[in-house]
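So the structure is just underneath, and the comments pick up after that.
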Amino acid sequence: MRAVLGIDTSCYTTSAALVTPEGELLASCRRLLTVEEGERGLQQSQGLFQHVRNLPQMIAGVMEAAPEAEICAVCASTRPRPAEESYMPVFRAGESQARAAAALLRAPFYPVSHQEGHIRAALVDSGIDEAQPFLALHLSGGTTELLLDRDGELTLLGGSLDLHAGQLVDRTGVRMGLGFPAGPALERLARQGTAQGRIGVSIKGMSCNLAGAENKTARWLEQGELTREDIACEVFDFLGRTILRMIEAACAETCCRQALLAGGVASSGLLKDMMLRRARKRGLPCRLCFARPELSGDNAVGVALLGARAYQRKQTD
């Protein structure tokens, strides 16, 4: 059975996946990188070292899960975004091992970007009509961007002008003494609180500012003005209102009527519920589609699927 191996080494996750050339998922393994208690992230050198240590186990894991697979192509994320200036050292770990594997197997190697992999994985079972243009929101600890996807070509429309959505979640959570990444724990707190829209939304065209929200939550925590539960709920409520405003602006600009939300922040069930309720209330002229939770955060499934598509095109040519 032929299979395409996908590898992704992002800022906080090592992952590998196997898919058939036709796009059937065979296996997926991923491991979060270790962050010291109280820290808000990793240096690139620390992440690179952990990827080098983790990759053999991730690749062995997917090969053991699909023992009859014969690798016909290898694909890896080699940069954060599909742009010339886009670069992060952590992606060199996956790229180097993927290129070496492809050479040893005499198989083709296909480079893609981490962002393209995110969006491709998020499309699985999302309900998006890929024949039509759609908006793509990439919401994570390292990226908060609004893109237009037209036949797989991404155009940047807007995004955060300062802090990223995942950074707001993680920094708020770490201040509360939660582990990093703080998303799941902060969401559990938020489900016990209530939000009253105390954080104002700052939108400029199709871009936003999020840093003011971090300053406000820090002050609330220092002064004890709100409970931790209510602060957590305010953070998710703020993000939901901000993202919807960006989508509304993009709908007016592009006439798109469907939007895909991807990235670790978008995997939040609470954020999804908040956004869907508010979208119905506001009469948003755009259908919101969310990735499967396990395919929303960092993973190599989308990378492998992009490799499978490239391999199929080569065979057709």
May I ask you to list the residues in the stretch 7-61 that are without any contact (Cβ under 8 Å) to a residue 40 or more places away in the chain and hydroxyl-bearing (S, T, Y)? T34
Given the stretch 196-289, what strands (runs of 3 or more DSSP E) lie entirely inside it while holding 2 or more residues that are of a type in the set (A, V, I, L, M, F, W, C) and either in contact with a His (Cβ under 7 Å, 6 or more places away or on another chain) or farther than 18 Å from A182 by Cβ (or both)? 258-262
Residue hits (the stretch 255-292; open to solvent by 40 Å² or more (accessible area, probe 1.4 Å), touching a Lys or Arg at 6+ places or on another chain (Cβ under 9 Å) and closer than 13 Å to L139 by Cα) are S267
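Determine whether E64 is among the charged types (D, E, K, R) and over 23 Å from E145 (Cβ atoms). Working first, answer last.
On the way: among the charged types (D, E, K, R): yes; over 23 Å from E145 (Cβ atoms): yes.
Yes.
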Answer with yes or no whether R53 is out of contact with any strand residue (DSSP E or B) (no Cβ under 8 Å at 6 or more places or on another chain) and not in a loop (DSSP other than H, G, I, E, B). yes
Would you call L135 open to solvent by less than 10 Å² (accessible area, probe 1.4 Å), in contact (Cβ under 8 Å) with a residue 60 or more places away in the chain and under 26 Å from N209 (Cβ atoms)? yes
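Of all residues in the stretch 97-129, how many are more than 19 Å from the chain's Cα centre (by Cα) and among the acidic types (D, E)? Even if it seems obvious, please write down each step before you answer.
From the stretch 97-129, those more than 19 Å from the chain's Cα centre (by Cα) are 97-110, 129; that's our starting set.
Subset that is among the acidic types (D, E): 129.
So the answer is 1.
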The stretch 183-194, subset buried (at least 19 other Cβ atoms within 10 Å of the Cβ) and touching a residue at least 60 places away in the same chain (Cβ under 8 Å), residue farthest from V265 (Cα to Cα): A190
Quickly run through the stretch 158-182 and pick out the residues that are more than 16 Å from N209 (Cβ to Cβ), surrounded by fewer than 24 Cβ atoms within 10 Å (Cβ to Cβ) and more than 17 Å from the chain's Cα centre (by Cα). V174, R175, M176, G177, L178, G179
Would you confirm, using the coordinates I've provided, whether L306 is touching a Lys or Arg at 6+ places or on another chain (Cβ under 6 Å) and either touching a residue at least 40 places away in the same chain (Cβ under 8 Å) or crowded, with 24+ Cβ neighbours inside 10 Å (or both)? yes
Hits in the stretch 29-50 - residues which are open to solvent by less than 60 Å² (accessible area, probe 1.4 Å) and polar (S, T, N, Q): Q44, Q50
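With within 18 Å of the chain's Cα centre (by Cα), more than 21 Å from Q167 (Cα to Cα) and surrounded by 18 or more Cβ atoms within 10 Å (Cβ to Cβ) as the only criterion, which of G141, G94 stands out? Write out each step before concluding.
Working: G141 fails: more than 21 Å from Q167 (Cα to Cα).
None of the other options fit; the residue is G94.
When the residues of the stretch 101-126 are narrowed to those that are touching a strand residue (DSSP E or B) at 6+ places or on another chain (Cβ under 9 Å) and open to solvent by 50 Å² or more (accessible area, probe 1.4 Å), which ends up nearest to M63 (Cα to Cα)? Spell out the reasoning first.
Let us first name the residues in the stretch 101-126 that are touching a strand residue (DSSP E or B) at 6+ places or on another chain (Cβ under 9 Å), namely 101-103, 105, 107-124, 126.
Cutting the leftovers down to open to solvent by 50 Å² or more (accessible area, probe 1.4 Å) gives us 103, 105, 111, 116, 120.
Details: A103: 18, L105: 14, P111: 21, E116: 24, R120: 22 Å.
Only one residue fits best here, namely L105.
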Could you say which residue among E248, E234 is open to solvent by 10 Å² or more (accessible area, probe 1.4 Å) and in contact (Cβ under 8 Å) with a residue 12 or more places away in the chain? E248
Across the stretch 30-60, what is the total count of residues that are closer than 22 Å to P108 by Cα and not β-branched (V, I, T)? 4
Of all residues in the stretch 58-88, which are part of a strand (DSSP E or B) and either open to solvent by 20 Å² or more (accessible area, probe 1.4 Å) or touching a Ser or Thr at 6+ places or on another chain (Cβ under 9 Å) (or both)? E70, I71, A76, S77, T78, R79
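The values are calculated or read from the model by the stated rules, or taken from the named source; none is laboratory data. Note that the structure is predicted; figures quoted are calculated from it, not measured. Reconstructed Cβ throughout: ideal geometry from the backbone, glycine too, with neighbour counts over all protein chains shown. Note: accessible area is taken over every heavy atom of the protein model, side chains too, but ligands, DNA and RNA are not part of it. Shrake-Rupley method; radii C 1.70, N 1.55, O 1.52, S 1.80 Å.
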